[in-house]
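Bear in mind these aren't lab numbers, they're just calculated from the coordinates by the rules spelled out. Source: prediction; values computed, not measured. Cβ coordinates were reconstructed from backbone atoms using ideal geometry, including for glycine residues, and neighbour counts include every protein chain displayed.
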Amino acid sequence: MTILTAVGLLVAGAVIAELVRRVPRWRAARCPLFVHVETDPTAIWIGHPPWIGASFLLPPDRDMMELSPPSNCLEWRRWARALGGVDEGQTDILVTLSAKEDLTVVVSGLRAVVSSRRAAPAWHHVSCAVGGAAIVPRRVELHFDEFPETANCWYGPGDCEPIDPPVFSISGSEAEVLHIRGVSGRDWVEWTADLLLVVNGRRVTVPIREGRRPFVTSGASGVVESHIWQGNQWVPEDS
């Protein structure tokens, strides 16, 4: 190895080391928030009374009488998705925002991004029967039956009257939680969302996804039969 080659390698190594050292600071500058998107109902509704209902569409090739869902309604989403099912009526998401430093966050909007829309399929409609007072969280809703898709009910009351989006502060020891609900009463909708924020005076767009996939929320307009799970058996919903 020549002296010039050795010097070149040392210089290149120093440059790479400096770039690696700067990466965490660059990332922190680009995204000062840590974002967690939760779609598991057992985590979203932890601490709430055990009467959160659930409805799903299952593919028509499934024999309903051979299916036995979990006894806990909150576990139905994982069960339905394993069978190829999708959320019927609504999809609930819990977004947790945290940070290592003190931040002032202004929520300026929530933008729906619909990647696919089609008529609801003629699949099985299944519901988990529950009883108890309605659980109505403070939330923002995306309504896919409207065009353009609207976001309203920011932290609103039970009747979901539109109010202004929230403004909050996050310190290194705190977190803020946003409950997002996608609602479709008619079509099969595949969608994601962009949470539009102003963080310490700078605009930040936070993508809301289910991993790398879009959320799927479908209405039941194409359903030919519906069943409720009662007494460890499927009961026709119109009976």
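With the cut-off at under 17 Å, measuring from each backbone N in the range 82-125 to a point 7 Å along the Cα-to-Cβ line of Asp61 picks out 82-86, 121-124. If Lys and Arg each add +1 and Asp and Glu each add -1, what is the summed charge of the other residues whose beta carbon sits under 14 Å from the beta carbon of Glu38? Every neighbour counted, the sum reads +1.
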